[in-house]
Amino acid sequence: MASAVAPPTAGAGRRIVVAVDEGDESTYALTWCLANVVSPAGGDTLVLVHARRPRPVYAAIDSSGYMMTSDVLASVERHAHAVSAAAVDKAKRLCAEHPHVKVETLVESGDPRDVICDAADKVGADLLVMGSHGYGFIQRAFLGSVSNHCAQNCKCPVLIVKRPKE
């Protein structure tokens with residue numbers, strides 16, 4: 001767990017949690033939030049939350065007969081950390097264009113649905129902003145919807161930003 005989140009304080013501006021990942025949908029949601037939600041007068045704090053999927057458990061020998069050595073597992077873990085770092089860095093670069101906004105980050109491992117809801121609760125979020133992949137009914141039924149889960153289970157208001165079709 002990597003965390004750079006301060007506890008909520010009374011009298012401060014809004015604490016807006018923005019779920020970020022490596023997808024274009026979360027980038028659009030963050031950009032939209034910066035343009036339409038964050039106060040230009042300052043005082044708001046954005047908490048960028050990234051949910052790193054937990055490391056899969058591998059058997060010593062996989063089904064094709066290849067042995068999963070500690071070097072291979074370490075490489076998989078390094079890749080996961082690199083993907084997380086890239087997603088958070090990209091989001092921080094977008095936020096840097098808005099110097100009136102204070103930015104904090106939180107990266108945790110786990111199911112994105114649970115990590116995002118728990119993070120919003122933990123930091124005392126006034127609002128959760130997240131993107132939508134725009135899955136249809138069938139895809140949502142099989143894959144699940146992180147945004148739908150958060151909308152149903154988070155204690156704070158949830159703003160789901162849908163990227164316009166091109």
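Along Cα→Cβ, 7 Å out, is where each label goes; now give me the distance between the ones at A41 and A151 in nm to one decimal.
Here the modelled spin labels are 3.1 nm apart.
Please give the solvent-accessible surface of S39 in Å², to the nearest 10, using a probe radius of 1.4 Å with every protein chain present.
30 Å²
So how much accessible area does R78 have, in Å² to the nearest 10, using a 1.4 Å probe?
Rounded to the nearest 10, that gives 150 Å².
Hey, rough spin-label estimate for L73 and D24, points 7 angstrom out along Cα→Cβ, what's it come to in nanometres?
3.8 nm
The values are calculated or read from the model by the stated rules, or taken from the named source; none is laboratory data. Just so you know, these numbers come straight off a predicted model, no measurement behind them. Don't worry about glycine lacking a Cβ; one is built from the backbone with ideal geometry, like all the others, and counts go over all protein chains shown. Accessible surface areas use protein heavy atoms only, side chains included; no ligands, DNA or RNA. Shrake-Rupley method; radii C 1.70, N 1.55, O 1.52, S 1.80 Å.
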